[in-house]
Amino acid sequence: MGLLNRLDDPFEGGGIILGKVEDLLNWGRSKSDWYLHFGLACCAIEFMALNASHFDFMRFGTIPRTSPRQADFIMITGTVTLKMADRIKILYEQMSEPKYVISIGSCSNCGGPYWEHGYHVLKGIDRIIPVDVYVPGCPPRPEAMEEGMIKLQKLIREQALFNGKDRIEELEAKKALKI
Amino acid sequence: MLANEIYEILKKEFGDGILEFKEEAPSDPYISVEPSKIFDICHTLRDSSELMFDYLMCLSGLDLGESLGIVYHLYSFKHTHKIVIKTTVPKETPTLPSVMHLWRTADWHEREAFDLYGMIFSGHDNLIRILLPYDWEGYPMRKDYNEPEEYHGMRVPY
């Protein structure tokens, strides 16, 4: 976006902002993400610290919702058991598009410490739902979760809305760019 | 009351139903009993005036290879003494009486033992799985358990 004042009177005030509607919408969307929190294990304890005043997660414009219908993204924080995986799939399907997923912690990324003998653990949430941002750690510190949130905001800000591109295609292009 | 005194009382009342008494450290002194007599023995332990075990601290399951073990940790608030009762059931017919109607604690503890080891507690009102999904197959804490390849279309191994 650029600021263009009248050329004959550049300091008159009341300038014009030029830019794409897409950028404006994405800017707005990226600064007001509501989330459905799915806390399952010790990562959710770190998430409580993130939500408390010291780290203040709400300054990103995020508001916790208790219903998947009102959420823009879902945060999976913790060990996903097979029993819970069915529920996560239902909740994800209930969310309205556009929807995003942040996977927090080793357990939901890849099974974590349960990777070998965890007969009851899903080895990575990406086996059932598409994940946009992975946050590694066991559990990750609140700063790492903040970085995950910043990554998601960046992803939303650069998302194409109007050119009819398939979102999957776009995500793959993003992956190649390592955003 | 000491563990050997408790053993004497039980031995007098149940005779062959009491198999073994072990007092040596490091474990707590325990009494091995016949699985079929477990309800009657626990009933005596709870209601006899000198024993009065009113609190079931824990009910655990064990896999002992060819048999399954069940361990009862009992405590008496009245007399402040405690005792451990052990019993075993064969893996092919792992049935023993439930103590759910003596201590309500046993309700969920027996469901958990059933869930993970597959003991059948006869007389339990609601013996269904408590931790695993209802349609889960097998008993995961048994040593010969093999983890499933797939559950509801999700691959289980890494």
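Among the GluC sites (Glu not before Pro) in the stretch B:32-97, which ones are in a DSSP loop with at most 10 other Cβ atoms within 10 Å of the Cβ? Mind listing them?
B:GLU66, B:GLU92
Between B:LEU19 and A:GLU97, with labels modelled 7 Å along Cα→Cβ, what's the label distance in nm to one decimal, could you check?
6.4 nm
Using label points projected 7 Å from each Cα along Cα→Cβ, tell me how many nm separate B:ILE120 and B:LEU2, to one decimal.
Label-label distance for B:ILE120 and B:LEU2, simple model: 4.2 nm.
Taking only Cα atoms, what is the 0 to 90° angle, nearest 10, from helix B:105-117's long axis to the longest principal axis of chain B?
40 degrees
Could you quote the convex hull projected area for chain B, Cα atoms only and averaged over all directions, in nm²?
10.6 nm²
Using +1 on the beta carbon of Lys and Arg, -1 on that of Asp and Glu, and nothing else charged, what's the dipole of the stretch B:3-155 about the Cα centre, debye to 20?
280 debye
Towards the positive end of the charge dipole of chain B, with charges on Cβ (+1 Lys, Arg; -1 Asp, Glu), say which of B:PRO133, B:THR44, B:PHE121 has the farthest Cα.
B:THR44
For the stretch A:50-143, place one equal point scatterer on every Cα, skip the solvent, and apply the Debye formula. What is log10 of I(q)/I(0) at q = 0.23 Å⁻¹?
For the stretch A:50-143 at q = 0.23 Å⁻¹, log10 I(q)/I(0) is -1.22.
Loop only by DSSP, 12 or fewer other Cβ within 10 Å of the Cβ. Give me the GluC sites (Glu not before Pro) in the stretch B:101-139 that pass, ordered by residue number.
Qualifying residues, ordered by number: B:GLU137.
Could you sort out which of B:LYS82/B:LYS143; A:LYS31/A:LYS99; B:LYS11/B:LYS143 sit more than 26 Å apart by Cα distance in this structure?
B:LYS82/B:LYS143; B:LYS11/B:LYS143
If R0 is 56 Å, what FRET efficiency do you get for A:VAL21 and B:ILE130 from their C-beta distance, rounded to 0.05?
0.55
Once you put a point 7 Å from the Cα of A:LYS89 and another 7 Å from the Cα of A:THR66, both along the Cβ direction, what distance in nm separates them?
According to this spin-label approximation, the distance is 2.7 nm.
As a check on your grasp of the helix formula, calculate [θ] at 222 nm for the protein assembly as shown: sum -39500 (n - 2.57) over DSSP H runs of n ≥ 4, divide by the residue count, round to the nearest 500.
Result for the protein assembly as shown: -9000 deg cm²/dmol, rounded to the nearest 500.
Hey, what D do you get for the protein assembly as shown in µm²/s if you plug the Kirkwood alpha-carbon radius into Stokes-Einstein at 20 °C and 1.002 mPa s?
87 µm²/s
Just so you know, all these numbers are worked out from the coordinates, no wet-lab data involved. Quick caveat: nothing in here was measured; it's all calculated off a predicted structure. In this analysis, Cβ positions are derived from the backbone assuming ideal geometry, glycine residues included, and neighbour counts consider all displayed protein chains.
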